[in-house]
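Okay, structure first, notes after.
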Amino acid sequence: MDKTKRSAVIAGNWKMNMTPSQTGAFIKELAPKVAGLDGCKVVLCVPYVDIAAAVEAAKGTNIEIGAENVHWAEKGAYTGEISGAMLSECGVKYVIVGHSERRQYFGETDVTVNERVKAGLSNGLKVILCVGETLTEREQGVTYETVARQTKIALLGVSADELKNVIIAYEPVWAIGTGKTATAEQAEEVCAQIRGVIADIYCEACAEATTIQYGGSMNAKNAAELLSMKNIDGGLIGGASLKSDDFTVIVKAAQ
Ligand code: PGA
């Protein structure tokens, strides 16, 4: 398994945190700390209302901006939703789809995740597709079945060419925001299994070229060990992405 065949991506997922003015200030503080760290891509996925401030503050830096969701329709009667065209016109380059908090609190299903993945891709966005098992699923021994199902359905109708713009984030639900990180071995095992699923539905070379992140309480202390695993190509970072020093340590660990 050759890690040089794919790009490392460290992405922050701010969730429902930061106002536009806090966003501008945060990125101005972070930018000099991560400047020149070109061994991985540095992405911040921010709330919709913070996008304009984030894109402005990130101009001329190595930080790219992402959104936290995208609707599947081009436009129409979907009160409160945001389309892919709206995001790309605002300068957004990445979008998170299928985060477990969306699945858990907002009725997101494998099928709607698939629709959103396709909408992101067709609007030129790079999609960070989140998959991961709950504690019950892990305890019942169906972790593999769960992530395989989520991955396969999310990628229905996505071509091998489009797959180049998909990053998969393995995020065990029990590790998100809980301070309980998967061990490096647990994370590596499932990331390798997800790569196997990609090989099955596309091809070996496609799997080798796909960036797979780990997410779930990744922080300044545990990032280096997780990122040293051969199937872990980056991280999707919640809490620690809200602190510029901690986020910088994680970006450095991915170099
Ligand atoms: P966490 O969140 O790092 O705060 O656990 C990760 C995520 O939900 O993407």
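Observations, loosely collected:
- For the chain, modelled as a GNM whose springs connect Cα atoms under 10 angstrom apart, the maximal fluctuation among ALA154, ALA199, ALA11 occurs at ALA199.
- Highest-fluctuation residue, GLY84, GLY124, GLY132 considered, GNM on the chain with Cα pairs under 10 Å: GLY124
- Reachable lysines from LYS5, criterion Cα separation under 18 angstrom, eight or more residues apart if same chain: LYS41, LYS126, LYS164, LYS230
- By other beta-carbon atoms within 10 Å, ranking SER159, SER217 with the fewest at the front produces SER159, SER217.
- Cβ crowding within 10 Å, taken as a proxy for footprinting-reagent exposure, orders SER122, SER83, SER241 from fewest neighbours to most as SER122, SER83, SER241.
- Gain upon complete extension [THR136, GLN193; 0.36 nm per residue less C-alpha separation]: 18.6 nm
- Shape category assigned to segment 1-130 from the gyration tensor of Cα positions, a/c cut at 1.5: oblate
- You can think of it this way: the chain between LYS28 and THR61 has 10.9 nm of extra reach, that is 0.36 nm per residue less the Cα-Cα gap.
- MRE, 222 nm, helices only [DSSP H, n ≥ 4, -39500 (n - 2.57), over the chain, to nearest 500]: -12000 deg cm²/dmol
- When the Cα atoms of the chain are aligned to their principal axes, the ranges along those axes come out at 45, 45, 33 Å in descending order.
- Label-to-label distance, GLU74 versus ASP38, with points set 7 angstrom from Cα along the beta-carbon direction: 3.9 nm.
- FRET efficiency estimate (nearest 0.05) - Cβ-Cβ, THR183 to SER159, R0 51 angstrom: 0.90
- Cα-based Rg and Dmax for segment 162-255, where Dmax is the largest Cα-Cα distance (Å): 13.1, 39
- Within a Gaussian network of the chain (alpha carbon springs, distance under 10 Å), most fluctuating of GLU171, GLU64, GLU81: GLU81
- Taking all pairs of distinct alpha-carbon atoms in segment 65-130, Kirkwood radius in angstrom: 11.5
Values quoted throughout were computed directly from the atomic coordinates according to the rules given, and no laboratory measurement underlies them. Since this is a predicted model, take the numbers as computed values, not measurements. So basically every Cβ, Gly included, is an ideal-geometry build from the backbone, and we count neighbours across all protein chains shown.
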